Amino acid sequence: MQKLFFEPILHILILVPFAILFLKENSKINFWRIFIFSICYIVYQIFLVLPKINPVFDFIKSEWNWDGKIFGIVWAITAYFLFRKFFKENDFFTLEQNKKGLKNASLGATSIVILSTVVWFILGKSKLDYETLAFQISLPGIDEEMIFRGILLGLLLNISKEKIPFIGNPSILVTAVLFGFMHALTMNNNYSVNFETIYFLQTAFAGYIWGWITLKSRSILLAILSHNFSNFFGTFATMMK
């Protein structure tokens, strides 16, 4: 059970130094935002695994973590109202789209869906399962985009430099790498660390694109839709082989 708590802490310990490195100003409020960034992520990860920690939180008996994702959404909404004053300049919790960046954002959203479908078709194979498809088209894109591109990216954009040579926007990069860590950097029961390189590259790349889409559109809506459709069509493609 303890490893479930150590995993997000490990992710944060690796990435926070880079978030500090990219600060545009070493001020108390900026360090406070980094602390909030860390807490939001760690608590989110704990909420995701609540059904594993205690069966009382496992309301929906399934191989898929429906309950954990719902708890993740609840935490994302709670964190938004608790901390939105710290990223009000970059509040992406809106349906309104930035008209100047909408065209490019829409192109990026569509492209990542197509790319994900092709890659999953090439690399994966699975049996047709309707619950799996229902899960992929619904919850993952909602809770993950609310946390990563809604709250975590919003916090970093307020404190980080806008652009770094050869890196681009460091806020998008840091949240993308953290997104990759969440999926690919795990611990065994004996606390040894596992790192799935290919899975990390896939998820971090997708996370970067969804961060870029969010920044262009000034909303998490397209990122949520693109995320869910990528999961759905990618999974469906593996079932059609």
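In table form, for the structure just shown:
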| read-out | value |
| --- | --- |
| For residue 160, distant residues with modelled amide H under 5 Å away | 24 |
| Cβ-placed point charges (K, R +1; D, E -1), dipole of the chain about Cα centre in debye, nearest 20 | 640 |
| Residue-wise HN-Hα coupling along segment 206-211, computed from phi with Karplus coefficients 6.51, -1.76, 1.60 (Hz; x: Gly, Pro) | 4, x, 5, 5, 5, x |
| Relative contact order (%) - criterion: Cα under 8 Å, at least six apart; region: segment 131-183 | 26 |
| For segment 147-241, accessible area per residue (1.4 Å probe, heavy atoms of protein chains only), Å² | 40 |
| Contact order normalised by residue count of the chain, Cα under 8 Å, 6+ apart, percent | 31 |
| Sparse-neighbour loop sites [chymotrypsin sites (Phe, Trp or Tyr not before Pro); segment 157-233; at most 15 other C-beta within 10 Å; DSSP] | 166, 191 |
| Rounded FRET efficiency, nearest 0.05, which uses the C-beta distance separating residue 130 from residue 14 and R0 of 35 Å | 0.40 |
| Pairs from 99/216; 88/161; 24/88; 52/241; 24/103; 161/216 whose Cα-Cα separation, in the structure shown, is over 21 Å | 52/241; 24/103 |
| Surface per residue (accessible, 1.4 Å probe) for segment 78-126, Å² | 70 |
| Calculated FRET value between residue 21 and residue 118, using beta carbons and R₀ = 45 Å, to 0.05 | 0.80 |
| Computed FRET value (nearest 0.05) for residue 183 with residue 60, which takes r as the C-beta separation and R₀ as 30 Å | 0.85 |
| Dipole of the chain [Lys/Arg +1, Asp/Glu -1 at C-beta], most positive-end residue of 106, 226, 146 | 106 |
| Gain in span if fully extended, residue 199 to residue 43, counting 0.36 nm per residue against the direct Cα distance | 53.8 nm |
| Built amide H within the under 5 Å cut-off of residue 187, gap 5+ | 194 |
| With at most 11 neighbouring Cβ atoms within 10 Å, loop GluC sites (Glu not before Pro) (DSSP) excluded, longest segment of the chain | 163-241 |
| Most mobile of 140, 17, 51 in a GNM of the chain (Cα contacts under 10 Å) | 17 |
| Percentage relative contact order, segment 179-241, counting C-alpha pairs under 8 Å, at least six apart | 23 |
| With every protein chain in place, segment 6-140: carbon and sulfur % of accessible area (1.4 Å) | 68 |
| Calculated from backbone phi, Karplus (6.51, -1.76, 1.60) coupling profile of segment 69-85 in Hz, x at Gly/Pro | 5, 5, 4, x, 5, 4, 5, 4, 5, 4, 4, 4, 6, 6, 10, 4, 5 |
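The values are calculated or read from the model by the stated rules, or taken from the named source; none is laboratory data. On a predicted model such as this, the values are computed, not experimentally measured, just so you know. Every residue, glycine among them, receives a Cβ derived from its backbone with ideal geometry; neighbour counts consider all protein chains shown. Quick note on the areas: whole protein, heavy atoms, side chains included, nothing else; ligands and nucleic acids left out. Shrake-Rupley method; radii C 1.70, N 1.55, O 1.52, S 1.80 Å.
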